[in-house]
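Contents: one structure, followed by commentary.
No value in this document is a laboratory result; all are computed from the given coordinates. Values in this document were obtained by computation on a predicted structure and should not be read as measured data. Counting neighbours? That spans all protein chains shown, and the Cβs are built from the backbone with ideal geometry, glycine included.
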Amino acid sequence: MTTQAQKERSFSDVKDILERYDYNPSNVIPILQAAQDQYRYLPEDVMLYISTALGIPPARVYGVATFYSQFSTEPKGKYVIQICDGTACHVDGSVPLNHAAEEHLGVDEDNPTTDDMLFTLERVACLGACSMAPLILVGGEFYGHMNPEKLRELVDEIRSREGRNRDAEH
């Protein structure tokens, strides 16, 4: 449940983004990109705030957010793992890779984000690097010739690194 203080802070962050783009409705896409960078998805109340601040209908903001695949209206983990399921990747083992990822992360198609909000698993049609099949993309970095064991090692390494980062913050 979101507290009033969290909402005010959220809207303060969104206000900073809107100021950066001069409250110009023609900048709705970069405004939404910046908001998504801030929250890792586009919460409904943030989209409503943006539409009100820009003086445009909420349906327009929501339409942009749902039309472009770069946007998400559902919370995503800090690390989005995209498993390519294009033809080359499919033939070279993307299905067992996806099953191993679901099992290791404790997620599934209906609940693709880990409870700790560290990972979100997505299957994508094609990542465009067929010579590296099967391929995954994590945080903008390609990992080619993947297999279930290499994927588990990568996830464990990220978890370990994040655990160290969390310990350093406390």
Once amide hydrogens are built 1.01 Å from N within the peptide plane, the residues lying 5 or more places from residue 80 or on another chain with amide H under 5 Å from its amide H are 120, 139
Mind listing the phi-derived Karplus ³J(HN,Hα) values for the stretch 122-127, rounded to whole Hz, using 6.51, -1.76 and 1.60 with θ = phi - 60°, and x for any glycine or proline? 9, 9, 10, 5, 6, 9
Please find, in a Gaussian network model of the chain (springs between Cα atoms separated by less than 10 Å), the residue of 33, 70, 82 whose mean-square fluctuation is greatest. 70
Compute the normalised compactness of the stretch 4-67: alpha-carbon radius of gyration over 2.2 N^0.38 Å, N being the residue count. 0.98
Output ³J(HN,Hα) for the stretch 91-99: one whole-Hz value per residue in order, computed from phi by the Karplus curve 6.51 cos²θ - 1.76 cosθ + 1.60 with θ = phi - 60°, and x for Gly and Pro. 5, 8, x, 5, 5, x, 5, 5, 4
Picking from 145, 43, 29, whose Cα lies most toward the positive end of the charge dipole for the chain (charges on Cβ: Lys, Arg +1; Asp, Glu -1)? 29
Treating the angle as unsigned and between 0 and 90°, give the value, to the nearest 10°, between the Cα long axis of helix 148-169 and the longest Cα principal axis of the chain. 40 degrees
Any idea what angle helix 28-39 forms with the longest principal axis of the chain, computed on alpha-carbon atoms, 0 to 90 degrees, nearest 10? 60 degrees
Taking the Cα centre of the chain as origin, work out the dipole magnitude from +1 charges on Lys and Arg Cβ and -1 charges on Asp and Glu Cβ, in debye rounded to 20. 460 debye
